[in-house]
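Comments concern the structure below.
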Amino acid sequence: MDNISNWIDVHASFTPDKLAIIDQQRQHTYADLAKAINTNAQMLQQSLDVEYGDRVAYLGLNDVEFICVLFACARIGAIFVPLNWRLETPEYDYILADATPKALLVTPDFSHQVISLNSAHPKCAFVLQDVGCKSAAQTGLWHSYSALLRDTRAKASSANNYKAYKAHNAHVNLSSKVIIVYTSGTTGHPKGAVLDQNALFYNALNSQHMHDMSNNDIILTILPMFHVGGLNIQTLPALYVGATVILHARFDPQHTLTAIGHHKPSLTVLVPATLSAMLALPQWATADLTSLRSITSGSSLVPTDLIAAVACRGLPVQQVYGLTETSPIAVYQTAQHAKTRFHSTGLPALHCKMKLMRANGEPVTVGQEEVGHILIKGPNVLCEYWANPDATVLALQNGWFDTGDLGHLDNDGHLIVDDRAKDMIISGGENIYPAQLEVHLNGLEGVLEAAVVGKKDAKWGETPIAIVVLTPKSELDKKAILKSFVGQLARFKHPSDVIYMSVLPRNVMGKVQKFLLREMIEAPVKK
C-alpha cells in the first residue's frame, strides 16, 4: 500500500457493487467512488496544476465530494485542508494566508463568504463545487467544479485511456503529509495540525480495534468532517475496512433519530451536546435503536447521567479520548468496558502509548488518584504544526505529544480525564479542577448545564466562578447553589459567585468555549 487511496481501489476490485457512501439522496458503490477519486485526482493535476505537497482547501458540508477530494489529494501527494464552515470571512482569510492552498473548492452554501477573498489570494484557484447548481460564472468565482470534471473525462475519453489511466505521483507514500486540520484553539489564531497518511492509517486500525469494525458495518456520520471527530473516528476507518457510510450534511436530532430507524446503522459518533439533543426528543424512548451495537462519544467529558440514560435503551456509550493532533483516537473503551465503566475513558489505543507525568517529570502512580499531564505517543500523532516550528517543538518532546490535559489512572490503569491543564484554577496555592465542581453543579435539581472558570482575585490569585443554565421552571437561586457545596467539596473549592446564562457558548464539536466565559466575567461592568 503506497497511499491510503488504495483502500478504495482494493474494495472496488473485491466488492465493486458494495455501497460505500449514501450521501443525501445519492448512493455510491466502491466502484463509483474509486472512479470519482481518480477523476478528481486527474482534475487536480491537469486542470489546477496541483503538485506534490501543494495544499487543496475545501469548504462545504458533509458530502461525497469531500471524501473524493481528500482521497484524490492522498493519491497525488497533495495536502487536503478542510475548512470549518462556521467561521467568518476574516478567519478564512487567515487560514488561506497561512496554508497558501493552490485551490479552494467551495460549495454554493458558503460561496458568499469567500468571494471577497478572491483578489486577496491570486495564487489560489477558487472553484465552485456546483454539481446540480448554477454555474460558477454566475457567481463570480473563477472555476466550475463540474465543468473541470467534464473536461477531465473528455480528455481521458479522447485519448481512449480513461479506464487505463490512473492519476498518481511516484513520490507518494504513507509518510507523505495528507491533511492540515486547523485547531479551534482557545485564544489567538488557530494552528494547523499536519497529519501524514501513516497517521490516518494507524488511526483507522485503532478505530477498527475499538469498535470491532468490519465490512458488514453501516456507519452513520453526522458530525462535521472538517474536524477529526467526524472524519477519523469512524468515517475513514469504515472506508478502510470496506463498510458503508451514511453521510448527513449536518446534525439534526430528529433527522438522525429517523435515519437510525430507516438505514439501520450499527455504529455512530455523537458528542455529548448532540446526544443530549436526541435524548430530549419525545421519540427517543420508543425509537428503534436495535441496529446500533454502541454509540461512541467524546470531545468533552461525557456526563455519567447521559451514559446512564443511553444505557436504559440497552446501548453502551464507548468513550474515546484524543485531540486533533492525535488523529484523534488515542484512548478508548471497548464496548465491553463501556457497559461497566461509566467514569473512565479507557486504555491506550492498540497502536498508541500514553503516560501521565507530574510537574517534576516523574510518572504518576496507578490507582492513587494522582493527577498528571497526559502525554501521547504513536504513529497517529501529528508531524508538525504547519509553518509553526516553535509550536511544534513545544508540543513534541522525543515524540511525545503534550495534550495539555490532566488525568489520573484507576487501579486497573484506565484513564480518567480530570480537566484541561489551562482550565485549572490556582486559588491560594491550591489547585482546583473545574470539572469536579461542574459534576456537582450538573447534579443539582434545576440545573440544566454548568461550567466553572477562574476569575482574577487580589487576595487568592483566582477564585472559581460558576456559570449556570437553569431548567425552564427552576427557581434555584444563587444562595442555594453556593450552599450546596457545603460538606461536599473542600471550602477552597467553593465558587465565589454564580452567574446565570440562557445557554453556554460551545464550538461545533460541543465543547464549552471557556475562554469566552473568562472574557465575560473579567470584562468591566458597563455603567
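The values are calculated or read from the model by the stated rules, or taken from the named source; none is laboratory data. Just so we're clear, the structure is a prediction, and the values are computed from it rather than from any experiment. When we count neighbours, we look across all protein chains shown, and the Cβ atoms used for this are built from the backbone with ideal geometry, even at glycine. Side chains included, ligands, DNA and RNA excluded: accessible areas come from the protein's heavy atoms. Shrake-Rupley method; radii C 1.70, N 1.55, O 1.52, S 1.80 Å.
Evaluate region 502-513: report whether one residue or more is under 16 Å from Pro434 (Cα atoms), in a loop (DSSP other than H, G, I, E, B), of a type in the set (S, T, N, Q) and under 31 Å from the mean Cα position of the chain (by Cα). Yes, region 502-513 has at least one match.
Considering (1) open to solvent by less than 30 Å² (accessible area, probe 1.4 Å); (2) farther than 30 Å from Asn84 by Cα; (3) acidic (Asp, Glu), the lone condition that Asp288 does not fulfil carries the number (1). The single condition among (1) at pLDDT 85 or above; (2) closer than 30 Å to Arg250 by Cα; (3) touching a strand residue (DSSP E or B) at 6+ places or on another chain (Cβ under 8 Å) that Leu516 does not meet is (3). All conditions in (1) outside any strand (DSSP E or B); (2) touching a Ser or Thr at 6+ places or on another chain (Cβ under 9 Å); (3) open to solvent by less than 60 Å² (accessible area, probe 1.4 Å) hold for Tyr92, with the sole exception of (2). Screening Pro303, Pro237 for residues that are open to solvent by 10 Å² or more (accessible area, probe 1.4 Å) and either under 15 Å from the mean Cα position of the chain (by Cα) or closer than 26 Å to Pro348 by Cα (or both) leaves exactly one candidate, Pro303.
To keep it simple, each residue is scored yes or no on (1) touching a Leu at 6+ places or on another chain (Cβ under 6 Å); (2) within 23 Å of Phe515 (Cβ to Cβ); (3) open to solvent by 30 Å² or more (accessible area, probe 1.4 Å).
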{"site": "Arg358", "(1), (2), (3)": "no, no, yes"}
{"site": "Glu362", "(1), (2), (3)": "no, no, yes"}
{"site": "Asn380", "(1), (2), (3)": "no, no, no"}
{"site": "Glu384", "(1), (2), (3)": "no, no, yes"}
{"site": "Asp402", "(1), (2), (3)": "yes, yes, yes"}
{"site": "Ile416", "(1), (2), (3)": "no, no, yes"}
{"site": "Ile426", "(1), (2), (3)": "no, yes, yes"}
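With the structure loaded, tell me whether Gly443 is out of contact with any strand residue (DSSP E or B) (no Cβ under 7 Å at 6 or more places or on another chain), over 15 Å from His373 (Cα atoms) and of a type in the set (Gly, Ala, Ser) or whether it fails that test. For Gly443, the condition - out of contact with any strand residue (DSSP E or B) (no Cβ under 7 Å at 6 or more places or on another chain), over 15 Å from His373 (Cα atoms) and of a type in the set (Gly, Ala, Ser) - is met.
Quick grid of which residues meet (1) at pLDDT 95 or above; (2) in contact with an Asp or Glu (Cβ under 8 Å, 6 or more places away or on another chain); (3) under 30 Å from Gln283 (Cα atoms); (4) assigned to a strand (DSSP E or B):
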| position | (1), (2), (3), (4) |
| --- | --- |
| Ala156 | no, no, no, no |
| Lys163 | no, no, no, no |
| His168 | no, no, no, no |
| Gly185 | no, no, no, no |
| Asn203 | yes, no, no, no |
| Pro224 | no, no, yes, no |
| Ala238 | yes, yes, yes, no |
| Ala249 | yes, yes, yes, no |
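Summed over region 257-272, residues that are crowded, with 16+ Cβ neighbours inside 10 Å and either closer than 22 Å to Ser207 by Cα or without any contact (Cβ under 8 Å) to a residue 24 or more places away in the chain (or both) total 9.
Can you confirm whether Asn84 is modelled with pLDDT under 95, polar (S, T, N, Q) and surrounded by 17 or more Cβ atoms within 10 Å (Cβ to Cβ)? Yes: the conditions hold for Asn84.
For region 17-27, indicate whether the set of residues that are open to solvent by less than 30 Å² (accessible area, probe 1.4 Å), at pLDDT 95 or above, aliphatic (A, V, I, L, M) and touching a helix residue (DSSP H, G or I) at 6+ places or on another chain (Cβ under 6 Å) is non-empty. Lay out the reasoning, then the answer.
Step one: of region 17-27, the residues open to solvent by less than 30 Å² (accessible area, probe 1.4 Å) are 20-23.
Within this subset, residues satisfying the condition of being at pLDDT 95 or above are 20-22.
When the remaining residues are screened for being aliphatic (A, V, I, L, M), the result is 20-22.
When the remaining residues are screened for being touching a helix residue (DSSP H, G or I) at 6+ places or on another chain (Cβ under 6 Å), the result is 20-21.
Within region 17-27, one or more residues are open to solvent by less than 30 Å² (accessible area, probe 1.4 Å), at pLDDT 95 or above, aliphatic (A, V, I, L, M) and touching a helix residue (DSSP H, G or I) at 6+ places or on another chain (Cβ under 6 Å).
Within region 50-65, not a single residue is surrounded by 16 or more Cβ atoms within 10 Å (Cβ to Cβ), farther than 21 Å from Val194 by Cα, in contact with a Ser or Thr (Cβ under 8 Å, 6 or more places away or on another chain) and without any contact (Cβ under 8 Å) to a residue 60 or more places away in the chain. With respect to being without any contact (Cβ under 8 Å) to a residue 40 or more places away in the chain, open to solvent by 10 Å² or more (accessible area, probe 1.4 Å) and of a type outside the set (Val, Ile, Thr), Phe251 fits the description.
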